[in-house]
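Student: Below is a structure I'd like to ask you about.
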Number of protein chains: 2
Amino acid sequence: MKYSVTSIVQHLVLLAISLAAAQAYAQDLEAIPKTAAKRGDSKEKIELGKSLYFDPRLSATGTVSCNSCHNLMEGGDDGRATSMGVDGLTGPRNAPTVWNSVFQASQFWDGRSATLEDQAKGPMVANVEMGMIGHDQVVSRIKDIPGYVVQFEATFGKTDSVTIENAVDAIAAFERTLITPNSALDRYLVGDKQAMNEAQIRGMELFESTGCTECHAGPALNGWQPGSDAEFVDFPRFEDSPYVEKYDFVADVGRSMATGDNGDDHYFKTPTLRNITLTAPYFHNGRVNSLTEAIRVMASTQLDVKFTDQELADLAAFMEALEGEFPNLTFPRLPSRSGESVIHASLNAGPSDQG
Amino acid sequence: MKYSVTSIVQHLVLLAISLAAAQAYAQDLEAIPKTAAKRGDSKEKIELGKSLYFDPRLSATGTVSCNSCHNLMEGGDDGRATSMGVDGLTGPRNAPTVWNSVFQASQFWDGRSATLEDQAKGPMVANVEMGMIGHDQVVSRIKDIPGYVVQFEATFGKTDSVTIENAVDAIAAFERTLITPNSALDRYLVGDKQAMNEAQIRGMELFESTGCTECHAGPALNGWQPGSDAEFVDFPRFEDSPYVEKYDFVADVGRSMATGDNGDDHYFKTPTLRNITLTAPYFHNGRVNSLTEAIRVMASTQLDVKFTDQELADLAAFMEALEGEFPNLTFPRLPSRSGESVIHASLNAGPSDQG
């Protein structure tokens, strides 16, 4: 790799930050925890959350579930640059993976939700995502399905149990189970030195020595530690990088849209690198198709570094070592309203339609 | 129920057809077979078919899978009047259930496919459904995913194994497992006389005595028998029924669109009534929201009968006895192309994007 002469000062600043970060963390890379359940994450709550997660009837058109954009059969995302919600509408940002999302100090690219529960409320009522008019409509839709009412009452008690707070509580409980342990890196870190091949080990060492772990450290390679506050990173740091214009990285100002503070312009949450091989395309706008190109971009925009082809291959090999083991999930059976759909239920319903 | 005086002749014709049908079938109602596997439906072929069935990457936008409109987590349909495909486009007809679809002599409302295999080819390249430009694009998309190539080769051999014929062969093999046995009716028919309650038994008797079993007979209550030819039914028969205009039942000419023969105008395939409580809204255009109203409509348009509220309630109770047991399905893990999405892969791919 080569550093450009023009950025020595910036590098010294980054070095200082890196040293501070190195002090903050016992080690840069850590094995991922295998559980993250919170008190109260009962089996029935998790099952209810799973049903809600997969239920497209929580969207206005009955076509979009949480899983539509965060597909648990694959990388926990949708493989699209930006997601497609109800009526074919598309949003401005790339869907982050839901796998290991419990290991984030904040949710969304701009970190505007502090918790999984708060995050789950957003897409339901975003007009380009699930498109519900408001959370009242979500609750009303759920109440229209008797099997759900039974499940909510069994989980949250008989009184006023179908609420949006309880719905997202259940969804978050399910999401806390979405952990992919035992990647090659995890096995390597706990002592199995055969778990990673030579290219992966070279990639890991380069990843640590170049400064990637300044942000991508900790068990989810995103800076998160148990109890840590959300941190945000300036992206792109090196605005002269040719990739900034090529991939239009400055149109989206990121965190300042959430805080209203111009000082947060172009700050974003550091995404996890767990299973990053499965979640192309990359970056907040999904403009970069391949992982190798994504590594080039990050090196250029964040570290002002240009890797050789061998280094790129080693880093990409290391990324493959971040693919974890996915839990075996069984399909939920979604409860139905007998003899009547809850989607567009008001259409065609003549006065004789309820007899 | 009351017959109108104006339709005596039509009723005599129906009676003759009913008697012929009664002769053809040992009994009107039969327990559903628990398996329908064909020779060659190997475990690996079924697993491959399951993955393809759930894979939204078989659509142009990467958002619509077979399961989007035929949701196996619920009634095997989508709860919508007509389905929503890629880009929010909607089609003209209601999505039939995929559950027990192996027990149909033909597929689609107009029976234009004789087999499950042929059916599976249609939606992939329908512009309002999965929207692929052609089957070549489907095959190319599958070939872009190395894990699929491995699965196809393991199932169909090393030579030219990724073909559209093999893809739909696998999907159909999976669909042949989608059977819901042991409904209350099935248990009743094999001797458990406690399996149905009194209202359900009254409903069943009325269902048989009124003429519903003229079409809705056999193990799937759709006229199908092993090896039987596809049969189509004139709908609506009694065009003076007020429901014909109310629900716009004559705009869609049905089977003649498939055959080009005007003599087939307004003929449709008899849909199964298995799990009919779970597949609202009803009819080929999805215009009727509730099952009770659907029963009223059928009585009026097909039999020129008007049921009392008690009779309607008994018939609806009988329909509940047609809900079967759904198999426990585990999620497939869809293979990924490492570090690169196959959706819109040509976008943003600069010359340096493959390095």
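The values are calculated or read from the model by the stated rules, or taken from the named source; none is laboratory data. Since the model is a prediction, treat every value here as computed from it, not as a measurement. Here the Cβ is made from the backbone with ideal geometry for all residues, glycine too, and neighbour counts use every protein chain on show. Just so you know, the surface numbers come from the protein's heavy atoms only, side chains and all, with ligands and any DNA or RNA stripped out. Shrake-Rupley method; radii C 1.70, N 1.55, O 1.52, S 1.80 Å.
Student: Taking a point 7 Å out from Cα toward Cβ as the label site, list the nm distances between B:Q194 and the same residue in every other copy, smallest first.
Tutor: Nearest to farthest, the other copies are at 5.9 nm.
Student: Using a 1.4 Å probe over the heavy atoms of the protein chains, calculate the carbon and sulfur portion of the accessible area of segment B:43-178 as a whole percent. Let's see the in-between values first.
Tutor: Working: 2340 of 4450 Å².
It is 53 percent, rounded to a whole number.
Student: Would you mind counting up the charge near A:I46? Only other residues with Cβ under 12 Å from its Cβ, with Lys and Arg at +1 and Asp and Glu at -1. The partial results should precede the final answer.
Tutor: Details: positive: A:K38, A:K43, A:K45, A:K50, A:R176; negative: A:D41, A:E44, A:E47, A:D169, A:E175.
Local charge sum for A:I46: 0.
Student: Once R0 is set to 25 Å, what does the formula 1/(1 + (r/R0)^6) return for the Cβ-Cβ distance between A:I133 and A:E165, expressed as a FRET efficiency to the nearest 0.05?
Tutor: Between A:I133 and A:E165 the formula returns 0.85.
Student: Nm distances between the label at A:S161 and the same-position labels in the remaining copies, 7 Å along Cα→Cβ, shortest first?
Tutor: Counterpart label points of A:S161 in the remaining copies fall at 4.9 nm.
Student: Something else: Placing a label point 7 Å from Cα toward Cβ, how far apart in nm is B:S42 from its equivalents in the other copies, listed shortest first to one decimal?
Tutor: Label point to label point, same position, other copies: 4.6 nm.
Student: Around B:P146, what is the net charge, scoring Lys/Arg as +1 and Asp/Glu as -1 over all other residues with Cβ under 15 Å from its Cβ?
Tutor: Once positives and negatives cancel, what remains is -1.
Student: Of A:H135, B:M319, A:Y282, whose Cα points farthest to the positive end of the dipole of the protein assembly as shown (charges on the beta-carbon: +1 Lys, Arg; -1 Asp, Glu; origin at the Cα centre)?
Tutor: Value: B:M319.
Student: Take the alpha carbon gyration tensor of segment A:219-281, find the square roots of its eigenvalues, order them as a ≥ b ≥ c, and report rounded if a/c is under 1.5; if not, report prolate when a/b exceeds b/c, else oblate.
Tutor: Working: a/c = 2.26, a/b = 1.19, b/c = 1.91.
Here segment A:219-281 falls in the oblate category.
Student: In nm, to one decimal, how far is the modelled label at B:V149 from the one at A:K246, with both set 7 Å along Cα→Cβ?
Tutor: Between B:V149 and A:K246, the label points sit 2.6 nm apart.
Student: Helix A:164-175 against the longest principal axis of chain A: what's the angle in degrees, Cα atoms only, rounded to the nearest 10?
Tutor: Relative to chain A, helix A:164-175 is tipped by roughly 50 degrees.
Student: When the accessible area of each residue in segment B:270-291 is compared between its chain alone and the complete protein assembly (1.4 Å probe; ligands, DNA and RNA ignored), which residues differ by at least 10 Å², being lower in the assembly?
Tutor: Relative to the lone chain, where solvent access is computed with a 1.4 Å probe, segment B:270-291 loses at least 10 Å² at B:T277, B:L278, B:A280, B:R287, B:N289, B:S290, B:L291.
Student: I've got another one for you. What is the distance, in nm, between label points placed 7 Å from the Cα along the Cα-to-Cβ direction at B:D229 and at B:E44?
Tutor: For the pair B:D229/B:E44, the computed spacing is 4.0 nm.
Student: Viscosity 0.890 mPa s, temperature 25 °C: give me the Stokes-Einstein translational D for the protein assembly as shown in µm²/s, with Rh taken as the Kirkwood radius over C-alpha pairs. Show your work: numbers first, answer last.
Tutor: Details: Rh = 27.6 Å.
In µm²/s, the coefficient rounds to 89.
Student: Principal axes first, then extents: for the Cα atoms of segment A:183-248, list largest minus smallest coordinate on each axis, whole Å, largest first.
Tutor: Per principal axis, max minus min of the Cα coordinates gives 42, 33, 18 Å.
Student: Also, I was wondering about something else. So how long is each side of segment B:43-178 along the principal axes, counting just the alpha-carbon atoms, biggest first, in Å?
Tutor: 42, 32, 27
Student: For chain B, what's the relative contact order in percent, using C-alpha pairs closer than 8 Å and at least 6 residues apart? Please report the intermediate quantities before stating the final value.
Tutor: Numbers: 615 pairs, mean separation 85.6, N = 355.
Rounded, it is 24 percent for chain B.
Student: May I ask for the angle, rounded to the nearest 10°, between helix B:291-303 and the longest principal axis of chain B, with both axes built from Cα atoms and the value confined to 0 to 90°?
Tutor: Here the helix axis deviates by roughly 60 degrees.
Student: Could you name the lysines whose alpha carbon sits less than 28 Å from that of B:K246, not counting residues in the same chain fewer than 8 places away?
Tutor: B:K2, B:K269, B:K306
Student: Decide, for segment A:283-328, between rounded, prolate and oblate: order the square roots of the alpha carbon gyration tensor eigenvalues as a ≥ b ≥ c, take rounded if a/c falls under 1.5, and otherwise choose prolate if a/b is larger than b/c, else oblate. All intermediate terms of the calculation are to be shown ahead of the outcome.
Tutor: Numbers: a/c = 2.65, a/b = 1.47, b/c = 1.81.
Since a/c reaches 1.5 but b/c is at least a/b, the shape of segment A:283-328 is classed as oblate.
Student: List the lysines whose Cα lies under 23 Å from the Cα of B:K50, skipping any in the same chain that are fewer than 8 positions away.
Tutor: The qualifying lysines are A:K50, B:K34, B:K38, B:K121, B:K143, B:K158.
Student: Measure nothing but the geometry: give the 0 to 90° angle between the long axis through the Cα atoms of A:198-210 and the longest principal axis through the Cα atoms of chain A, rounded to 10°.
Tutor: Approximately 80 degrees, to the nearest ten.
Student: Between B and A, buried accessible area summed over both sides at probe 1.4 Å, in Å² to the nearest 100? Each step should come with its number before you reach the end.
Tutor: Details: alone 17070 and 17030 Å², together 29480 Å².
Rounded to the nearest hundred, the buried surface is 4600 Å².
Student: If you don't mind, another one. Looking at segment A:129-200 from every direction and averaging, what is the projected area of its Cα convex hull in nm²? Provide the component values of the computation, followed by the final result.
Tutor: Values: hull surface 33.0 nm².
The number I arrive at for segment A:129-200 is 8.2 nm².
Student: Please work out the average accessible area per residue across segment A:205-338, using the 1.4 Å probe convention, and give it in Å².
Tutor: Values: 5110 Å² over 134 residues.
Counting only protein heavy atoms, the per-residue value for segment A:205-338 is 38 Å².
Student: Compare each residue of segment A:30-69 in its chain alone against the assembly with all protein chains, and report those whose accessible area goes down by 10 Å² or more; 1.4 Å probe, heavy atoms.
Tutor: A:F54, A:P56, A:R57, A:T61, A:G62, A:T63
Student: While we're looking at this one, here's another question. Indicate the gyration tensor shape class of segment A:190-340 (rounded, prolate or oblate), computed on the Cα atoms with a ≥ b ≥ c the square roots of the eigenvalues: a/c under 1.5 is rounded; otherwise a/b larger than b/c is prolate and the rest oblate.
Tutor: Oblate, because a/c is 1.5 or more while a/b does not exceed b/c.
Student: Right, here's the next one. Give me the compactness ratio for chain A, meaning the Cα radius of gyration over 2.2 N^0.38 Å. Mind showing how you got there, number by number?
Tutor: Working: Rg = 22.0 Å, N = 355, 2.2 N^0.38 = 20.5 Å.
Relative to the rule-of-thumb radius for its length, chain A sits at 1.07.
Student: Per residue, what accessible area does segment B:43-178 have, given a 1.4 Å probe and all protein chains present, in Å²?
Tutor: Details: 4450 Å² over 136 residues.
That works out to 33 Å² per residue.
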